[in-house]
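One structure below.
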Amino acid sequence: MSKSSVSPATALLPLRLFLGVTFVYAGVQKLSDPGFLHAGAPTYIGTQLEGFAGGTPGGFLLRAFAIPIPVEAGIGVALAEIAIGLLAAGGLYTRAAAACGLGLNLLLFLTASWHTTPYFLGPDIVFVFAWLPFVLAGAEGQPALDNLVDRPALAQRTRLRPQEAEAGGAGLDPGSTRRTLLLELGAAAAAIAGVSLLARGAYSAPRSFARGPASGDGAARGGGGSAPPGGDGAARGGSGHGAAKVPANAVELGPANRLPSGTAATYGDPADGAPDIVIREPGGGIKAFSAVCTHAGCTVGYEGGTIVCPCHGGEYSAETGEVLAGPPPAPLEPRRVLEADGKIYALPS
């Protein structure tokens with residue numbers, strides 16, 4: 001049986017590229033999110049940091065350095081991710097970049113992923129060990145800028161000392177070459193961050209319903225809602241036009257036209273005032289769930305057709321409330337809502 005012609009170092013190249021591209025993507029995703037820097041948004045960095053700090057061994061670091069300046073911390077982390085990703089993908093200062101990436105993922109493991117059970121389901125601990133080979137060995141034996149800085153051809157590609165490059169590269173300083181490349185990658189990171197910020201668009205605040213007075217008994221013609229199933233008058237919406245009886249304990253939330261298709265609104269549960277979320281489905285029906293994340297109690301939001309938790313990355317189905325991703329251990333509890341006579345009502349859970 002013949003030995004493989006691929007060296008162990010070359011076999012690690014796909015992992016290095018994956019780490020680099022993933023880190024760049026993570027930074028771009030943060031900066032292009034309209035809610036990331038907007039207080040009150042479901043994905044606001046300040047809310048995330050508060051959630052990460054609660055009951056975690058690394059929380060004291062966030063409380064000391066990040067929570068007092070959440071916007072600056074969020075931008076800093078995103079820029080660091082883009083820079084680390086570019087350095088890792090290009091193979092420049094590979095060990096230093098890998099050490100920074102490992103440190104960042106270790107901090108996230110001790111905060112954001114700490115409550116994930118079992119621990120190996122948390123992605124950050126996997127990234128910690130994925131970075132480790134490059135901390136120990138760098139990009140030795142791989143296609144990487146670290147391994148090319150002594151070649152005259154590289155000077156021409158980086159526009160470093162073109163007169164010396166034409167003369168065969170005599171006298172080229174590898175340290176100067178690395179610094180020039182570092183400046184170029186730094187400019188690229190700044191450009192990527194700037195484009196991401198420009199592309200994020202304006203933040204649109206989520207709708208919310210103020211609880212109104214309870215309605216009385218009586219029949220009301222559904223303004224796009226279906227007749228409620230069962231005897232309690234609760235409905236999840238629909239396209240029927242039959243009469244819907246509004247129970248005496250129903251609480252009016254607001255006009256139905258304030259909740260267009262594909263949007264959501266928050267409201268206080270009529271039973272205990274806890275946050276709930278009602279969602280208008282693309283087909284016109286409405287569904288409601290508790291807005292309290294089953295993981296750490298953060299208030300969820302609705303983005304891109306999915307219910308999301310800003311604290312630890314949990315995602316829930318907007319149709320069933322079931323967990324789609326992240327650490328939440330249980331689905332969101334359903335809530336009872338009714339659409340009738342052009343209004344939306346909530347019923348005690």
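When the Debye formula is applied to the Cα atoms of the stretch 16-89, each taken as the same point scatterer, what base-10 log of I(q)/I(0) results at q = 0.12, 0.13, 0.20 Å⁻¹?
-0.35, -0.41, -0.85
Please give the contour-minus-distance gain from SER317 to LEU183: 0.36 nm per residue of separation, less the Cα-Cα distance, rounded to one decimal in nm.
In short, 43.8 nm is gained.
On a full-extension model of 0.36 nm per residue, what is the gain between GLU140 and SER176, subtracting their alpha-carbon distance, rounded to one decimal in nm?
The span from GLU140 to SER176 would gain 11.0 nm if fully extended.
Could you calculate the FRET efficiency of ALA190 with ILE69 from 1/(1 + (r/R0)^6), where r is the beta carbon distance between them and R0 is 22 Å, rounded to 0.05?
Step by step, r from the Cβ atoms, then E = 0.65.
Could you sort the peptides 335-341, 260-266, 297-303 by per-residue average Cβ neighbour count (10 Å cutoff), highest mean leading?
335-341, 297-303, 260-266
Using Cβ contacts closer than 10 Å as the measure, can you line up LEU37, LEU324 from fewest to most?
Taking fewest neighbouring Cβ atoms as first place, the list is LEU324, LEU37.
Which net charge results when you count Lys and Arg as +1 and Asp and Glu as -1 among the other residues whose beta-carbon is under 12 Å from that of THR43?
Residues close to THR43 contribute a combined charge of -1.
Which order results if SER5, SER290, SER349, SER176 are arranged by neighbouring Cβ count within 10 Å, fewest first?
SER5, SER176, SER349, SER290
Would you mind calculating the gained length between ALA248 and VAL21 on full extension (0.36 nm times residue separation, minus the Cα-Cα distance), in nm to one decimal?
76.1 nm
Read-outs throughout are calculated quantities, based only on the coordinates presented, and are distinct from any laboratory measurement. Note that the structure is predicted; figures quoted are calculated from it, not measured. Ideal geometry is used to build each Cβ from the backbone, glycine not excepted, and the neighbour counts take in all protein chains shown.
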